[in-house]
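In what follows, a structure is listed as structure tokens, so that the remarks can point back to it.
The values are calculated or read from the model by the stated rules, or taken from the named source; none is laboratory data. Computed from a predicted model, the values in this text were never measured in an experiment. Cβ placement follows ideal geometry from the backbone for every residue including glycine, while neighbour counts extend to all protein chains displayed.
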Amino acid sequence: MASNSVQGKIAIVTGGGSGISLAFVDLLHSNGCNVVIGDLQLRPEAEELVSKASKDAKILFKKTDVTKWDELAALFEFTEKELGAPDIVCPGAGIFEPSWSNFWDDTETNGYKTVDINVNHPVKATRLAIRSFLKANKPGVVVHISSIGGQTTRLSVPIYCATKAFINHFVRGMAELDEREGIRVVAVAPGLVRSPLWFKENPEKLKSVGENDLWIEPSEIAEVLLAVTQDPAYKGGTVIEASGQGRTRRVEVFNDAGPPGIGHAAGANMSLEEDVHAMLAKERRAKL
């Protein structure tokens, strides 16, 4: 099938202030797409990109807490007012089970923010996108950012892996919208990406990375996101694994072989798992 260029289109990208989502914003804009970033803040590199955006294709920023549904709705209203109804929506904001929203630390009292950000936000953004597409009477694409964690799992980050498995299955549940409504809901599932999610936001998680684990640059994942967005051959419900160096693989719902390995390498450091067992040992002793 012919590719549907993003040139002249309108996109909403949550989490576009950093990481994979920022790389996707940059790539969309460089291909002539107008983009609205919804995020709590912009990192310096994102601020620079917004300030240097060309007049032919705009990049706008709307401060958005994606866990608040009224702010998500306001993001769509802002986009429609400033640019028009979106053609592309990427609910890219996500967190990797940080210390303040971690199953094992368990410091939160009213729910896990990891679930709010990684599950509730992309689900609501998808619903808002569908409404916007239908109201404007035009086809649209919702492209989610999943993870190989949706196919594998680890004791140290059980919520994160479960949220990404949820996204995979949620996307598959939207498959029928493609043929019936011209709305494609798809996902890209990256491997280990060199992003602020690790080095600036959750550096403690680097203990889970082995010396031989393969890091993928955010720009590589952005290229896959763009390809999936533009090419209708990636039908609604499709989940594409991206493991770097141009390697992609369709993730099947049944009898899937799974990714080559955690981090797409021969093995991974299990230090975080040992930390969990040490924590459990303390809890066991505390009850004696």
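Quick notes
- Sole residue being under 24 Å from ASN137 (Cα atoms), in contact with a His (Cβ under 7 Å, 6 or more places away or on another chain) and not charged (D, E, K, R), chosen from ALA93, ALA11, ALA57: ALA57
- Any hit, the stretch 117-130, residues being charged (D, E, K, R) and modelled with pLDDT under 95: no
- Qualifying positions in the stretch 10-32 - buried (at least 20 other Cβ atoms within 10 Å of the Cβ) and more than 19 Å from the chain's Cα centre (by Cα): none
- Scanning the stretch 107-116 for residues that are in contact with a helix residue (DSSP H, G or I) (Cβ under 8 Å, 6 or more places away or on another chain) and outside any helix (DSSP H, G or I) returns THR107, GLU108, TYR112.
- Looking across the stretch 224-250 at every residue that is in a loop (DSSP other than H, G, I, E, B), modelled with pLDDT of 95 or more and not basic (Lys, Arg), the one that is surrounded by the fewest Cβ atoms within 10 Å (Cβ to Cβ) is identified as ALA233.
- For ASP56, the requirement of being modelled with pLDDT under 95 and at positive phi is not met.
- Among the residues examined, VAL119 qualifies as in a helix (DSSP H, G or I), within 18 Å of the chain's Cα centre (by Cα) and farther than 30 Å from ALA57 by Cα.
- The criterion of at least 1 residues that are without any contact (Cβ under 8 Å) to a residue 40 or more places away in the chain and of a type in the set (Val, Ile, Thr) is met, among strands (runs of 3 or more DSSP E) falling completely within the stretch 1-83, by 34-39, 59-63.
- Selection status of ILE88, crowded, with 23+ Cβ neighbours inside 10 Å, aliphatic (A, V, I, L, M) and under 16 Å from the mean Cα position of the chain (by Cα): yes
- Tallying residues that are over 19 Å from ASN118 (Cα atoms), in a loop (DSSP other than H, G, I, E, B) and either at pLDDT 70 or above or of a type in the set (D, E, K, R) (or both) within the stretch 199-215 yields 4.
- For the stretch 91-125, a residue qualifies if it is on the phi > 0 side of the Ramachandran plot and crowded, with 24+ Cβ neighbours inside 10 Å, and exactly one does: GLU97.
- Candidates in the stretch 140-179 are the residues that are among the hydrophobic types (A, V, I, L, M, F, W, C) and part of a loop (DSSP other than H, G, I, E, B); of these, the one that is farthest from ILE12 (Cα to Cα) is LEU155.
- Scan the stretch 91-106 for residues that are in contact with a helix residue (DSSP H, G or I) (Cβ under 6 Å, 6 or more places away or on another chain) and either assigned to a helix (DSSP H, G or I) or under 21 Å from LEU280 (Cα atoms) (or both) and the total you get is 5.
- Here VAL185 fulfils each of the conditions (1) in contact (Cβ under 8 Å) with a residue 24 or more places away in the chain; (2) within 15 Å of the chain's Cα centre (by Cα); (3) part of a helix (DSSP H, G or I) apart from (3).
- GLN7 meets all of the listed conditions (1) crowded, with 22+ Cβ neighbours inside 10 Å; (2) out of contact with any strand residue (DSSP E or B) (no Cβ under 8 Å at 6 or more places or on another chain) but one, namely (1).
- Any hit, the stretch 191-198, residues being modelled with pLDDT under 90 and basic (Lys, Arg): yes
- Residue match in the stretch 126-139 (condition: polar (S, T, N, Q), part of a helix (DSSP H, G or I) and either without any contact (Cβ under 8 Å) to a residue 60 or more places away in the chain or surrounded by 15 or more Cβ atoms within 10 Å (Cβ to Cβ) (or both)): yes
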